[in-house]
Amino acid sequence: MADAKKPFRIGTRKSTMALAQTEEIARRLALRVPGILVEIVKFETTGDTDQTSKLLTHGGKGGAFVAQIRNAVRAGKLEAAMHSLKDMPGNEDTPGLVIAATLSRDSPGDVLVLRPGLALDDFLRERGKGFKIGTNAVRRAAYARRLFPGVEVIHFRGAADTRVRKLDRGEKQRLPGGGEVGPADALIMARSGLERVGLANRGAYDFRVHDMLPAVGQGIVAVECAAHDFATRRILAAIDDRDARACADAEREVLWVLNGHCNSPIAGFARIDGASMSLTAAVLDETGGSFIEASRQGPADRPRELGRAVALDLLARGATELIERSRPK
């Protein structure tokens, strides 16, 4: 039972999607933990205030969206922090913090969102030729160039609902070095993100997972807290989803072994079927021309071992060269 007099403070970004995810955490805690009083604390991170620069400027997604909220947890200003797991760096330690809960996984895949007036049949028939796809994700850009050889991929930033609004209005995207690109004809976005902001109907085409592997952890909400705060860890354990955690452990082990940086086009997706887990991961170059993929199955209760085996397969096939090629100079 929680102390009803003391608020359980959860930090989150201010975006519509982040707030929806945090409200879902609060809802689940209210159902599972008698007497809990959740307070949602909103942060405007550097990744939210700077909608122009590439995320690498701020240390990747970890620096742009995670660092400020993590610092508040370390300082004791929050009991916990909400993160989209795919935004959490997987190739580095997080001293003093631990992922205490992972919510059950939402839709893991990506979707194509089209501007008003553009028919899906026209886009697919031309295989993207003559059209512009907007994304900030190196992984999505690599897959887009691989699946639609004629498409032009342009830099496109913003929260999920902001990106769709910019697409619909035909707005151009400002570039980090000055100038503009666009407007975009289409976007590639996470299905789960569209659902969270009430725009699920805008997904014109769902990419099959084996055609466009998701980002590691995509569709999983993670709740982080101080490692030494065992009272908070016990509370959050009440909403931890065992299958989502196992899949996250397998996928993130791939990132750890590959030492992938924030600019690495690395993808991975694990699925549990009974006592068995399957895991597929891939490394691409930004052009989509080079592509290495590996898959394995193993016991669902040994996810990190499976992730390590798949990562070692990728390394044996030349993943290091692709990762180093994309590493910032």
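The values are calculated or read from the model by the stated rules, or taken from the named source; none is laboratory data. These figures come from a predicted structure and were not determined experimentally. Here Cβ is always computed from backbone atoms with ideal geometry, including for glycine, and neighbour counts include all displayed protein chains. Note: areas computed on protein heavy atoms with side chains; ligands, DNA, RNA excluded. Shrake-Rupley method; radii C 1.70, N 1.55, O 1.52, S 1.80 Å.
Remarks
- When the stretch 125-162 is limited to residues that are part of a strand (DSSP E or B) and not basic (Lys, Arg), the one that is most open to solvent (accessible area, probe 1.4 Å) turns out to be Glu152.
- Taking the numbered list (1) at pLDDT 95 or above; (2) on the phi < 0 side of the Ramachandran plot in turn, Gly117 passes all entries but (2).
- Qualifying residue in the stretch 120-132 (condition: in contact (Cβ under 8 Å) with a residue 60 or more places away in the chain, farther than 14 Å from Gly289 by Cα and among the basic types (Lys, Arg)): no
- Strands (runs of 3 or more DSSP E) within the stretch 69-121 that include 2 or more residues open to solvent by 20 Å² or more (accessible area, probe 1.4 Å) and closer than 19 Å to Asp249 by Cβ: 97-102
- The residues listed here are Glu286, Glu293; of these, the one that is part of a loop (DSSP other than H, G, I, E, B) and open to solvent by 20 Å² or more (accessible area, probe 1.4 Å) is Glu286.
- Glu39 being farther than 17 Å from Ile220 by Cβ, modelled with pLDDT of 95 or more and surrounded by fewer than 18 Cβ atoms within 10 Å (Cβ to Cβ): yes
- Failed item in (1) open to solvent by 60 Å² or more (accessible area, probe 1.4 Å); (2) modelled with pLDDT of 80 or more; (3) of a type in the set (Asp, Glu), with Glu24 passing the rest: (1)
- Selected residue (only one of Ala204, Ala281 is modelled with pLDDT of 95 or more, of a type in the set (A, V, I, L, M, F, W, C) and under 18 Å from the mean Cα position of the chain (by Cα)): Ala281
Residues are listed down the side, and each one gets a yes or a no for (1) among the basic types (Lys, Arg); (2) open to solvent by 30 Å² or more (accessible area, probe 1.4 Å); (3) outside any helix (DSSP H, G or I):
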| residue | (1), (2), (3) |
| --- | --- |
| Gly198 | no, yes, yes |
| Ala215 | no, no, yes |
| Ala222 | no, no, yes |
| His228 | no, yes, yes |
| Ala244 | no, no, no |
| Trp256 | no, yes, no |
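- A Cβ distance below 7 Å, combined with a sequence gap of six or more or placement on separate chains, defines the contacts here; from the stretch 1-19, residues that are under 28 Å from Ser192 (Cβ atoms) and crowded, with 22+ Cβ neighbours inside 10 Å reach residues that are of a type in the set (Asp, Glu) and modelled with pLDDT under 95 in the pairs Arg13/Asp48; Ser15/Asp48.
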